[in-house]
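What follows is a short report on a single structure.
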Amino acid sequence: MSYLILFAAVFFLSTSVLFVKWTSAPAETAAFYRMLITCLMLLPFVDFKSLLGTRLMTRYALLLSGTLLAFHFWLWFLSLDYTTVASSTLFVTSSPIFVLIGNALIFKKNPTRKGLAFALIAVFGGMLVAAGDIQLGREALFGDLLALIAALLIAGYWLVGQHVRTEMNTNTYSFSVYLVAAVVLCFMLLVRGTTFTAFESVNWWYFLALAFFPTILGHNLFNYALARVSATVVSITILGEALWGMLFGFVFFDERLGMMQWVGAAVLLGGIYLFLKEDARSTRTDVAS
């Protein structure tokens, strides 16, 4: 049953690319309403008493986490205007590599030699995907870069969140960071002079879908499954988002990947998969010792 839930979670999470591609609203506007509507959906489930009782450092961490999430969504949504769905989701799913680097630099959790080798293999796969996208023009390469930065930002979000979430329940934590992200994106809209409402009315349905399917169902189902299966299994399952991205790009947007991109995708996903397996093995060894 838990694995069926994981399959459903990665599917719902992957649908975000569809709604982002279909919306005609600016990237930051779509990201803002995704966060705002999700906050409204979570409102009845928030433990405000525990939220108000959090430590000052925890509040700073929530501010940082929400800000990272806001810029992640903005840049990832923006990347889909320049590069293919497949390439964008492939680069975004490379975030575990940045988590590895962050844990090594900040928390001194150094990877094993095998883990480092697998990470380098994944990086090489990403380079192959980018090299294949050069044939599509400079815009595609720019989109790849935006997606890569978005992966770096979501890795930072996870690194901060892994220490904050232990102090509050999932819905309260999610509401807090989504609210911060919504405020940051609102400020961005005001500074950039981006519209809040000047778009086709059909976009409201896309915003609602973004909040409900990939955010509420996708992220919340992952959180539900996390209590029943290992974090490594969940991490590996998330790689399915890239595979769904390639399928959605082919079916809905008539995107065709070249041979180098297919090879790069296989190397990238294979490298991340092996890295996560090695990370789980080394973690079990540390606990046993």
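For the stretch 58-107, the candidate set comprises residues that are touching a Gly at 6+ places or on another chain (Cβ under 6 Å) and open to solvent by 30 Å² or more (accessible area, probe 1.4 Å); within that set, the residue that is farthest from residue 140 (Cα to Cα) is 68.
Any residue that is within 21 Å of the chain's Cα centre (by Cα) and modelled with pLDDT of 95 or more - is there at least one of those in the stretch 214-232? Walk me through it before giving the result.
Filtering the stretch 214-232 down to residues within 21 Å of the chain's Cα centre (by Cα) leaves 214-227, 229-232.
Within this subset, residues satisfying the condition of being modelled with pLDDT of 95 or more are none.
No, the stretch 214-232 has no match at all.
When the stretch 64-109 is filtered for residues that are over 24 Å from residue 33 (Cβ atoms) and among the aliphatic types (A, V, I, L, M), the ones remaining, listed by number, are 86, 90, 97, 99, 100, 101, 104, 105, 106.
For the stretch 13-42, taking the residues that are open to solvent by 50 Å² or more (accessible area, probe 1.4 Å) and under 27 Å from residue 254 (Cβ atoms), the one that is modelled with the highest pLDDT is identified as 22.
Annotation note: Cβ proximity below 8 Å between a residue of the stretch 115-127 that is touching a residue at least 60 places away in the same chain (Cβ under 8 Å) and assigned to a helix (DSSP H, G or I) and a residue that is open to solvent by 40 Å² or more (accessible area, probe 1.4 Å) and of a type in the set (Gly, Ala, Ser) (sequence gap 6+ or interchain) occurs for 125/266. Taking helices (runs of 4 or more DSSP H) as the structural unit, those lying wholly within the stretch 1-53 and holding at least 3 residues that are of a type in the set (Ser, Thr, Tyr) correspond to 2-14, 27-42.
Quick check on the stretch 1-10. Is at least one of its residues in contact with a Lys or Arg (Cβ under 7 Å, 6 or more places away or on another chain) and either of a type in the set (A, V, I, L, M, F, W, C) or open to solvent by 10 Å² or more (accessible area, probe 1.4 Å) (or both)? Explain how you work it out, then say what you get.
We begin by selecting, within the stretch 1-10, every residue in contact with a Lys or Arg (Cβ under 7 Å, 6 or more places away or on another chain); these are 2.
Narrowing further to those that are either of a type in the set (A, V, I, L, M, F, W, C) or open to solvent by 10 Å² or more (accessible area, probe 1.4 Å) (or both): 2.
Checked against the condition, which is being in contact with a Lys or Arg (Cβ under 7 Å, 6 or more places away or on another chain) and either of a type in the set (A, V, I, L, M, F, W, C) or open to solvent by 10 Å² or more (accessible area, probe 1.4 Å) (or both), the stretch 1-10 yields at least one hit.
The values are calculated or read from the model by the stated rules, or taken from the named source; none is laboratory data. As the structure is a prediction and not an experimental result, all values here were calculated from the model. Cβ sites come from the backbone with ideal geometry, for glycine too, and all protein chains shown count toward neighbours. All accessible areas refer to the heavy atoms of the entire protein, side chains included, with ligands and DNA or RNA removed. Shrake-Rupley method; radii C 1.70, N 1.55, O 1.52, S 1.80 Å.
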